[in-house]
Amino acid sequence: MWHDKYKDGAPQPAQIIHCGKLPASVFSDSRDAARFVATVIASLIREKNATEQKTVLGLATGSTPIGVYRELVRLHKAGELDFSNVVTFNLDEYWPMKPESEQSYHSFMWEHLFSHVNILKENVHIPSGLWRLEEVERECAEYERRITQLGGLDLQLLGIGRDGHIGFNEPGSDRNSRTRLVALDPMTRRDAAGDFGGEEKVPARAITMGVQTIWEAKRIFLMALGEKKAFVIRKALEGEPTPNVPASFLQNHMNAAFILDEAASAELTQVRTPWIGGRIVDWTPTLQTRAMVWLSQVCDKPLLKLDMKDFLQHHLYDILHLEGGVAAIRERVFEQLLRTICTRPGGDKPLKAMIFSPHPDDDVISMGGTFLTLVHQGHEVHVAYMTGGNIAVRDDACLRHLDYVEESSQKLGGLHPETASRLKKCRADIRAKKPGDQDSADVLSLKGLIRKTEAANACELVGVTADRRYFLELPFYQTGSAKKRPMGEPDIEIVANKLRGLRPDQIYFAGDLSDPHGTHRVCAQIIIEVLARLETEGFSPEVWMYRGAWQEYEPHEIERAVPLSPEVVAKKKQAILRHESQKDGAMFMGSDDREFWMRAEDRTRQTAKIYNDLGLPEFFALEGFVRYHGQKL
Ligand code: F6R
């Protein structure tokens, strides 16, 4: 087995799934997936160095390979990896694009890898976003020639787009394609919108290695992390190879493997429904619940109406051997789900609750109904907004606020000359901004204020007074761009001190790791770290996780379901709409065209429908929560 070669020192996958011809290694921690790939690359470089051969690597950009580069840099800094004989070819680059632009793949590669290792500048190859149209074809052919001249790529590292692209080989790409100029798919441009400050600013074209160029690599690792890749991973591994999903062409490669984290593997048949195909599985209570919910959905029957025939017809023979058979499993799962329903999330006695919201609107979007319910039921609810969310405010929204400030102050007696000139400068800075430019410090703070006042306005509606809302402005977020720093000690201290001072009985936080730019992930990491530290100080509140705006927990995961009445849903919508700057094509809407209040409403109504279809009581809407008790996220 190809993994065995790297047993020493490399983290091992929790599971290796064979989907058709390709193995998919699933790691329970995405950092282990990155360390695994880095270990393989490092072994390859060392082997080649030992025989004085060059190592020719095909490299990718994007959020996925960052951990791999981090580990390679660590190995180099520890004196364990020499890059002097490494030659690299990057997959792609936006076109047109200046190499020094923050969004260029040149900048990305130097920032994450090349500047920190001893690679020779002349050994780095990245397609140029500056090639003139008339020379692109010739330069692309030259790119290919150089790869061939060096004996081809020893290893190609790939990410995957949600549309199935590898490199920028978008759906429809030819199996035999070579390095060329391509038009970017709308989904790819939408996914890159955050990096460029708006979809319209994302270049429409790119230069990419072709499918055939990639395919000729001697070994290929395609990495995918996070739940937003789960559907495309299933298509790429389980569907027929098709140009509609260019990554599916890898199925016929002799030495390719997918490296996934659990979230990205979640839609694979062997993960989602491991019992199919007569496999013997470990029937943990969670898997039993998942199987029963699935069976009820495929049979279109409530849980308590499922009978022996349903189990037999749907590959669930093995579960029948568990103690008590059909009746016992059916009842256990039904009762367990019934117990999740909770109309008094704060309990019967008044308590103190703290809601942590990564951005200023996640509290109302993701748990606005429970937030309202806690306040209405007389609990003392506090909210901490962890970041300012300023980069998600569009320039036109900021200009409108500048108009308001200037005009209203003129009406009311004029502005201090220094303030007036700074406001004028903000306006000029915004007008002079070119795609990819960062906002000035003043503009960023004005944008932050817009979001702060929106959050305050939503809190007023929910019934949380100014003394119970906190704007933490965590330092990790304050980069002025979509790229964030990892969590640091100052972030941890701010959150820890807030909790030390308040000592809430209940805490809610976004246990959601899949927002497009990682802010939720960092916020969750900070809270988890703080909780671990405070536990040693004897502080152990009840902690619940809600999911961010992008997804809801699945029914088998939900440990608490809070029913929302039509009135609560309507008020929750109003609270979400108080976040005016996040409506109508806001920057981080992602791939979903629905406004945030619609997503929130659809999601909670859908959970209520699922519960009802399972034979549980009928509710207008439900918000789902999972209890945090130290589990790995
Ligand atoms: C980048 C590239 C792309 C990305 C893909 C996934 O060089 O070629 O195919 O790998 O778009 O991007 P992330 O990793 O950001 O999800």
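The values are calculated or read from the model by the stated rules, or taken from the named source; none is laboratory data. What you see is a predicted model, and the numbers here were worked out from it, not measured in a lab. Here Cβ is always computed from backbone atoms with ideal geometry, including for glycine, and neighbour counts include all displayed protein chains.
Overview of results
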| quantity | calculated |
| --- | --- |
| Elements of type helices (runs of 4 or more DSSP H) contained in segment 181-296, each with 1 or more residues being of a type in the set (Lys, Arg) and within 16 Å of the ligand (Cβ to nearest atom) | 186-196, 230-238 |
| Residue satisfying all of: in segment 51-66; away from the ligand (no atom under 16 Å from the Cβ) and in contact (Cβ under 8 Å) with a residue 40 or more places away in the chain; surrounded by the most Cβ atoms within 10 Å (Cβ to Cβ) among these | VAL56 |
| Filter pass, SER173 being closer than 27 Å to HIS253 by Cβ, in a loop (DSSP other than H, G, I, E, B), in contact with a helix residue (DSSP H, G or I) (Cβ under 8 Å, 6 or more places away or on another chain) and small (Gly, Ala, Ser) | yes |
| Residues of segment 87-98 that turn out to be under 23 Å from ASP195 (Cβ atoms) and away from the ligand (no atom under 14 Å from the Cβ), as a count | 2 |
| Yes/no for ALA496 being surrounded by 19 or more Cβ atoms within 10 Å (Cβ to Cβ), in contact with a Cys (Cβ under 7 Å, 6 or more places away or on another chain) and not charged (D, E, K, R) | no |
| Tally, over segment 297-319, of residues that are under 27 Å from TYR553 (Cα atoms), without any contact (Cβ under 8 Å) to a residue 60 or more places away in the chain and assigned to a helix (DSSP H, G or I) | 6 |
| Cβ-Cβ under 8 Å pairs, at least 6 apart or on other chains, segment 421-432 side under 12 Å from LEU399 (Cβ atoms), far side among the small types (Gly, Ala, Ser) | CYS426/SER440; ASP429/SER440 |
| Extreme residue, farthest from TYR611 (Cα to Cα), among residues of segment 264-304 that are among the charged types (D, E, K, R) and crowded, with 17+ Cβ neighbours inside 10 Å | GLU267 |
| Flag for GLU102 being of a type in the set (Asp, Glu), out of contact with any Phe, Trp or Tyr (no Cβ under 7 Å at 6 or more places or on another chain), assigned to a loop (DSSP other than H, G, I, E, B) and over 21 Å from LEU153 (Cα atoms) | yes |
| Segment 518-545 residues that are within 17 Å of TYR508 (Cβ to Cβ), paired with ones that are of a type in the set (Asp, Glu) and modelled with pLDDT of 95 or more (beta carbon under 7 Å, 6 or more apart) | ILE526/ASP491; PRO541/ASP505; GLU542/ASP505 |
| Odd one out for ILE430, checked against (1) closer than 28 Å to ARG189 by Cβ; (2) of a type in the set (Val, Ile, Thr); (3) surrounded by 24 or more Cβ atoms within 10 Å (Cβ to Cβ) | (3) |
| Of all residues in segment 370-397 being of a type in the set (Gly, Ala, Ser) and over 24 Å from the mean Cα position of the chain (by Cα), the one that is nearest to ARG431 (Cα to Cα) | ALA397 |
| Count - residues of segment 356-386 that are more than 13 Å from ALA575 (Cβ to Cβ), hydrophobic (A, V, I, L, M, F, W, C) and touching a Ser or Thr at 6+ places or on another chain (Cβ under 8 Å) | 2 |
| Only one of LEU222, LEU260 that is touching a Phe, Trp or Tyr at 6+ places or on another chain (Cβ under 6 Å) and either of a type in the set (A, V, I, L, M) or touching a residue at least 40 places away in the same chain (Cβ under 8 Å) (or both) | LEU222 |
| Test set (1) crowded, with 17+ Cβ neighbours inside 10 Å; (2) touching a Lys or Arg at 6+ places or on another chain (Cβ under 8 Å); (3) at pLDDT 95 or above - ILE610 fails condition number | (2) |
| Residue in segment 616-629 that is surrounded by fewer than 21 Cβ atoms within 10 Å (Cβ to Cβ), out of contact with any Cys (no Cβ under 6 Å at 6 or more places or on another chain) and at pLDDT below 95 present | yes |
| Segment 38-50 - residue that is without any contact (Cβ under 8 Å) to a residue 60 or more places away in the chain and of a type in the set (A, V, I, L, M) and, of those, farthest from the ligand (Cβ to nearest atom) | ALA50 |
| Residues located in segment 26-48, provided they are assigned to a helix (DSSP H, G or I), of a type in the set (Gly, Ala, Ser) and farther than 16 Å from GLY9 by Cα | SER30 |
| Candidate set: segment 115-171, residues that are without any contact (Cβ under 8 Å) to a residue 60 or more places away in the chain and of a type in the set (Val, Ile, Thr); chosen: the one surrounded by the most Cβ atoms within 10 Å (Cβ to Cβ) | ILE126 |
| Lone qualifier among TYR69, TYR94 - being touching a His at 6+ places or on another chain (Cβ under 6 Å), closer than 19 Å to SER107 by Cα and in contact (Cβ under 8 Å) with a residue 40 or more places away in the chain | TYR69 |
| Index of the failed condition, PRO350 passing every other in (1) free of Cβ contacts under 8 Å to residues at least 24 places away in the same chain; (2) under 30 Å from ILE527 (Cβ atoms); (3) over 31 Å from the mean Cα position of the chain (by Cα) | (1) |
| Single match in SER128, SER101, SER107, SER84 (criterion: away from the ligand (no atom under 12 Å from the Cβ) and either in contact with a Gly (Cβ under 6 Å, 6 or more places away or on another chain) or modelled with pLDDT under 95 (or both)) | SER101 |
| Matching residues in segment 353-388 - criterion: being within 17 Å of VAL522 (Cα to Cα) and of a type in the set (Ser, Thr, Tyr) | SER357, TYR385, THR387 |
| Options ARG70, ARG35: the member that is within 16 Å of the ligand (Cβ to nearest atom), of a type in the set (Lys, Arg) and either closer than 22 Å to GLY226 by Cα or modelled with pLDDT under 95 (or both) | ARG70 |
| Top-ranked residue of segment 157-180 - restricted to ones that are near the ligand (Cβ under 6 Å from one of its atoms) and either touching a Pro at 6+ places or on another chain (Cβ under 8 Å) or hydroxyl-bearing (Ser, Thr, Tyr) (or both), ranked as farthest from ILE41 (Cα to Cα) | HIS165 |
